[in-house]
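Report on one structure; see the data block that follows.
Where a number appears in this text, it was derived from the coordinates with a stated rule and is not lab data. The structure displayed is predicted, hence computed values, not measured ones. Heads up, the Cβs are rebuilt from the backbone with ideal geometry, glycines too, and the neighbour counts pull from every protein chain shown.
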Amino acid sequence: MKMSLIPFKVTAFLVTITFTNLRFLSLSLNTDGLALLALKAAITTDPTDTLASWTETDPTPCHWHGITCINHRVTSLSLPNKNLIGYIPSELGLLDSLTRLTLSRNNFSKLIPLHLFNASTLRFLDLSHNSLSGPIPAKIESLQALTHLDLSSNCLNGSLPASLIKLKSLTGTLNLSYNSFSGEIPGSYGFFPVMLGLDLRHNNLSGKVPLVGSLVNQGPTAFAGNPSLCGFPLQTPCPEAVNITISDNPENPKGPNPVFIPGSVENVKIKTESIAVPLISGVSVVIGVVSVSAWLYRKKWWANEGKVGKEKIDKSDNNEVTFKEEGQDGKFLVIDEGFNLELEDLLRASASVVGKSRTGIVYKVVVGGRGSGTVVPMVVAVRRLSEDDATWKLKEFESEVEAIGRVHHPNIARLRAYYYAHDEKLLVSDFIRNGSLYSALHGGPSNTLPVLSWAARLKIAQGTARGLMYIHEHSPRKHVHGNLKSTKILLDDELQPYISSFGLARLVSSGSKFTTSASKKLYLNQTISSATGLKISAPYNVYLAPEARVSGRKFTQKCDVYSFGIVLMELLTGRLPDARPENDGKGLDSLVRNMFREERPLSEIIDPALLSEVHAERHVVAVFHIALNCTELDPELRPRMRTVSENLDCIKLH
């Protein structure tokens, strides 16, 4: 009889017997330790002796390798890339304070145990790159605190569970790629938040991609590698699309053909004798979503099929291209000399969504290759600004963007070009391939980096400080970044940091159109107040200086210093900065201050991954003190970024 078929009472009985036997070996090890010993017993091969420190004679597992505790309870189990062979035991579900479980890049096999999901406090679950099989248990919906789920690169099968939409906190990652899931994509997945990183690549999915909710914002990359999947944004048309009549006169079409209109969880077939929606217009008008991929399709890639408007491209000698469509003037301008990109290259490129935020959507765009004006393929990042910035006039927009473009520093992502039209604004910058510092510290679909060493973290802190100092000092305008956090710090192959999104705080109105010149001026002066309609969600609010959270206060360079201090704490602790159970319900700055005020051991607050680098302890304490200075409540007590940068540069590895 399979374990999954044994009634829960019987399972609990067997677990009790197991724990009873273990207690004969140890009368002092707590329940969490016994559950972890069940994992050790389920592992048949441990080539690096990772679990050698896990012994039944210990009174607590809190000092075992890969274990993090708070208040003597296990809150994190992290054993990635250890080449462990075995299976995941049900007993891990008894870790009722566990918030983070990472067993990625090992060789765990068999089914995902049903009772694993009794650990209902889980927020981060990464079982990727193993050999797990079978379907996803329906009981996964009990993980109501889960924000990150990565089951990619396994042997999982069955249909995609529609019940995943019940995970109301799932806002970070849902990665189910490289498995053997089959059937259609549930339409309910369109109700996932736009910010969720969805990855369904390389399965056996079939049918039409539902054009519902957040799914219409996904690029083709999220669905690639499913040969039987069709529809937008893939280039494979669905069979029913062949039967749709493309009328030469959309205003007065004829013919009783039914029209399939995306916009609900299931496709609704509507019969009409007076309305026939052409294939391309149906996608762009009914959905009502203008993304870069749809923008490119509508203006170029599908222009020959649907003939949406008339195109005329005028090019002058100064690399300036004017794009005109249906009476609307658009302007594409390369602002960086030597950057070989033309609008035609952009129109021919393939794009995929790599990030979403309140400032807009970011796409990875591969420019070049066969048939392109650029000989060598080039990868750029294209940010489509939020639609609520349509009140910008061309000259004002040009002035702001060109000011951003003049900021050149090795630690700042460089703006290369922009496109302006009344209802469409794009910024083209360098694509930094290793994702963000946030992903490197907390995991994510784009993260392929190993755990960051102390040397890497110090390098990132020093480079980011230099970049922010340059933003503050290079111009008499006393620029501020205004939105610094770990998601805005990008890493290249050498872990060199790049500050991104500089200037966006001035370009995007955060969901509120300026209705008066006074309100517009208020926002241009970087004032954060209700007049701008700015709404700060809790995860982002923690990076804001206390004075910036008050209505009517001006955002200053000292606010940037505070945000940088929070990023430093995030680097040192490996923890998310907002109030959460692993932070004792406090913001990260309050937690760190209390730890130092009470003279608690450094091991209680530092990222467990750094504990083995004991030689770095003195340096780590020094950086903690810099972070505490940066996050002083009184902005007058915070140092300037030049002082911060110089103090960090004084810290040497040896």
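Brief remarks on what is shown
- Shown for segment 57-193: lysine pairs separated by 8 or more places, or found on different chains, whose C-alpha atoms are under 22 Å apart, numbering 4.
- FRET efficiency for S131 and E398, using Cβ-Cβ distance with R0 set to 35 Å, rounded to 0.05: 0.05
- Ordering of 168-176, 43-51, 483-491 by burial proxy (mean other Cβ atoms within 10 Å per residue, highest first): 483-491, 168-176, 43-51
- Peptides 67-78, 636-647, 140-151 ordered by average Cβ neighbours within 10 Å, highest first: 140-151, 67-78, 636-647
- Over segment 3-230 - Rg/Rh using Cα atoms and the Kirkwood inverse-distance radius: 1.00
- Amide H contacts under 5 Å for R553, placed H, 5+ residues apart: I528
- The phi torsions of segment 163-172, fed into the Karplus equation with coefficients 6.51, -1.76 and 1.60 and a -60° offset, translate into couplings of 5, 4, 5, 6, 7, 5, 8, 6, 10, x Hz, rounded to whole numbers, with Gly and Pro shown as x.
- As a rough guide to protection, the peptides 590-597, 81-88, 554-561 ranked by mean Cβ packing within 10 Å, highest first, stand as 554-561, 81-88, 590-597.
- Full-extension gain in nm, R593 to T643, via 0.36 nm per residue minus C-alpha separation: 15.9 nm
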